[in-house]
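The values are calculated or read from the model by the stated rules, or taken from the named source; none is laboratory data. This is a predicted model, so every value here is computed, not measured. Reconstructed Cβ throughout: ideal geometry from the backbone, glycine too, with neighbour counts over all protein chains shown.
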């Protein structure tokens, strides 16, 4: 009887001490920590142990005294991620917590495309901005990003977009006037700028005039412009074609100061046409009544 | 009361050893995690072709294998194949730190639930969210300190290179 009682008492003491040990060595972890912020972990129990904080983004190892508060200074843990915490002493305790990106964005990764495009193109320019904190962590909390396209005549186009999973994007129209535009993405006090070159579009209207000069015809286009009135760049090829008595002559001329000029033989009854790219100009019938 | 004979004791130890090996193999031996790709609805301004989606998921899963090898063996060069930019730099820093501390970490991914969430209009970046489950082992000077099953939500941004997609941003966030 006495031995049974001793056994029961011993068992109770063992269970109680095991529970006490479990309670004493339990880790008190923060649920989340902001990247780069100071934080502490409370351990219980006594004796020495080794604390590991491990994730793919960062690893820390500390020799600790159980029962003391383990403090981590600002900057010790600066990479956002999910961290496993392991405390190895007389027993092993595990836990986990998350490190989130700092709330203040300090960097942008801004991709603007294309760098060159025709004027007056609807949704022709795209901008994508990824928002990062000072430790190059993607800021996953929704953040307002302001996109602005300016620098050419007219009112600047502005869009404010909230990030989703750290990224914001927009599409904007190219301006109706040619020239360099500034495309800016801004979040808080951080801005990133790209230059977008807006060039004239396809010629809109092509018209030539003719003048006789002895046995030759002097052909000259009117200034070639796109549909928004921008001069088509010099060097654009204009093709003059003359069809006469079953024969054909073709001359390719680059635009110079906005116009194309050439001379062709003056055949009676010839038909002369002009074209550039996919745009046909007027036709002239020479010498017909 | 039944007593274990010497003969049984001899059999018991190898059986225990075989069971432990089998259990370890079950956890660490499987090379192919279960992968579920969520149906892709709208991923933003650009249409995502099935072929692109397949390539992105394939390359992302391959990146996990590279990560596992690199962190398990403390070999940063194993990251080159599948990581670029910030992700590669941060993982390489972890490997440097592990080497300094004499630590190795083994990651064995067992389950991925992947959803592609953003494909940029110019096609230069694609973002996915992955609820991943993995087993993690921590070894300090080759001594196993802990094995833990982890479930976490990762956000990854991949960018195209000459022949494949590489992970540029790799970051876990609270679920």
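Return the only residue of A:248, A:289 being modelled with pLDDT under 95, outside any loop (DSSP other than H, G, I, E, B) and over 11 Å from residue A:206 (Cα atoms).
Unique residue meeting the criteria: A:248.
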Residue in segment A:71-86 that is farthest from the chain's Cα centre (by Cα), counting only those that are more than 9 Å from chain B (Cβ to nearest Cβ) and either closer than 16 Å to residue B:171 by Cα or crowded, with 19+ Cβ neighbours inside 10 Å (or both) = A:85
Which number in (1) out of contact with any strand residue (DSSP E or B) (no Cβ under 6 Å at 6 or more places or on another chain); (2) within 13 Å of another protein chain (Cβ to nearest Cβ) marks the one condition that residue A:153 misses?
-> (2)
Of the residues in segment A:165-190, those that are in a loop (DSSP other than H, G, I, E, B), surrounded by fewer than 24 Cβ atoms within 10 Å (Cβ to Cβ) and within 11 Å of chain B (Cβ to nearest Cβ) number 1
Which of (1) under 30 Å from residue B:105 (Cα atoms); (2) more than 10 Å from every other protein chain (Cβ to nearest Cβ); (3) part of a loop (DSSP other than H, G, I, E, B) does residue A:131 not meet, given it meets every other one?
-> (3)
Which of the following residues is crowded, with 18+ Cβ neighbours inside 10 Å, under 30 Å from residue B:124 (Cβ atoms) and in contact (Cβ under 8 Å) with a residue 60 or more places away in the chain: A:97, A:110, A:132?
-> A:110
Within segment A:35-82, residues in contact with a helix residue (DSSP H, G or I) (Cβ under 9 Å, 6 or more places away or on another chain) and over 21 Å from residue B:103 (Cβ atoms) come out as A:44, A:45, A:46, A:67
Yes or no: residue B:109 touching a helix residue (DSSP H, G or I) at 6+ places or on another chain (Cβ under 6 Å) and either more than 10 Å from chain A (Cβ to nearest Cβ) or crowded, with 22+ Cβ neighbours inside 10 Å (or both)?
-> yes
Hey, residue B:100 hits all of (1) in contact (Cβ under 8 Å) with a residue 12 or more places away in the chain; (2) part of a helix (DSSP H, G or I); (3) closer than 28 Å to residue A:63 by Cβ but one; which does it fall short on?
-> (1)
Filter result for the condition that a residue is touching a helix residue (DSSP H, G or I) at 6+ places or on another chain (Cβ under 7 Å) and over 21 Å from residue A:128 (Cβ atoms), over B:92, B:156, B:172, B:152 | B:92
So, in segment A:40-70, of the ones that are facing chain B (nearest Cβ under 10 Å) and in a loop (DSSP other than H, G, I, E, B), which residue ends up nearest to residue A:136 (Cα to Cα)?
-> A:57
If you go through segment B:40-61 one residue at a time, do you hit one that is under 19 Å from the mean Cα position of the chain (by Cα) and closer than 19 Å to residue A:136 by Cβ?
-> no
Going through segment B:155-164 in order, the residues found to be touching a strand residue (DSSP E or B) at 6+ places or on another chain (Cβ under 7 Å) and either modelled with pLDDT under 95 or at the interface with chain A (Cβ under 8 Å from one of its Cβ atoms) (or both) are B:155, B:157
Identify, by number, the condition in (1) touching a residue at least 24 places away in the same chain (Cβ under 8 Å); (2) within 18 Å of the chain's Cα centre (by Cα); (3) surrounded by fewer than 19 Cβ atoms within 10 Å (Cβ to Cβ); (4) in a helix (DSSP H, G or I) that residue B:89 doesn't meet.
-> (1)
Examine segment B:134-153 for a residue that is within 19 Å of residue B:89 (Cα to Cα) and at the interface with another protein chain (Cβ under 9 Å from one of its Cβ atoms), and state whether such a residue exists.
-> no
